[in-house]
Amino acid sequence: MELLHAPWRIEYIRAPKSNPSETSLFSRIAQSNDDEANYVVVREKTCYAVLNTYPYNGGHLLVVPYKQAADLSGLTDEELCDLMKLTRRCLDVLTQIMKPDGFNIGMNLGKVAGAGIVEHLHIHIVPRWSGDTNFMPIIANTRVLPEALADVASRLRAAFAGNSSAV
């Protein structure tokens, strides 16, 4: 039997997990100036978009409000509107740059619903392509991402900035 490895997952598994009462990972990223290291692709007034470091698929973005809130009731109407507008903008850029056949978009609110960062809501945008599900995740519990996160982030940043050479 051939062994298949997904070494990037071990970093997530071993990484210390913060308590929900502490500042969330997303708040730390929001306050950081190092967008490259954090894979932030665009910042707007009340929210930002960041590549998921442990993606379900290539181009998996998270749209995150700057305000740490566990659910939608913790956001103002303006913040909710901005969150959805940035989600739409992300779909437009991902469609332009990565040309997916579709998307999965969703939120996991609460630990029982699968939220990994319970204290800070965020929207998942997962690009999907026809045939992107194969034997690897089913048999080997491994996903193959054909492009490095830093390269995807760079192309997306350029597209958000309006640089057509990012395609």
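For the pair Glu36 and Val112, a Förster radius of 35 Å applied to the C-beta separation gives a FRET efficiency near 0.50, rounded to the nearest 0.05. Taken one residue at a time, the phi angles of region 91-100 give Karplus couplings (6.51, -1.76, 1.60, θ = phi - 60°) of 4, 4, 5, 4, 4, 5, 7, 9, 6, x Hz. Gly and Pro are set to x. Placing one equal scatterer on every Cα of region 21-162 and applying the Debye formula, the log10 ratio I(q)/I(0) at q = 0.09 Å⁻¹ is -0.27.
Here the 3J(HN,Hα) profile of region 54-59, calculated from phi with Karplus coefficients 6.51, -1.76 and 1.60 at θ = phi - 60°, is 10, x, 7, 7, x, x Hz, Gly and Pro shown as x. Close amide H contacts of Cys47 (hydrogens built in the peptide plane, cut-off under 5 Å, sequence separation of 5 or more or a different chain): Tyr66. Per residue of region 103-108, in order, report the coupling 6.51 cos²θ - 1.76 cosθ + 1.60 (Karplus, θ = phi - 60°) as ³J(HN,Hα) in whole Hz, putting x for Gly and Pro. Taking θ as phi minus 60°, the curve returns 9, 9, 10, x, 10, 10 Hz for region 103-108.
Relative contact order for region 21-162: what is it in percent, counting Cα pairs under 8 Å that are at least 6 residues apart? This gives 29 percent for region 21-162.
Net length available on complete extension from Thr76 to Leu91 is 3.1 nm, with 0.36 nm assigned per residue and the Cα-Cα distance removed.
Arranged from fewest to most other beta-carbon atoms within 10 Å of their beta carbon, Arg28, Arg43 become Arg28, Arg43.
Bear in mind these aren't lab numbers, they're just calculated from the coordinates by the rules spelled out. Treat the numbers as computed from the prediction; the structure is a model and nothing was measured. Cβ coordinates were reconstructed from backbone atoms using ideal geometry, including for glycine residues, and neighbour counts include every protein chain displayed.
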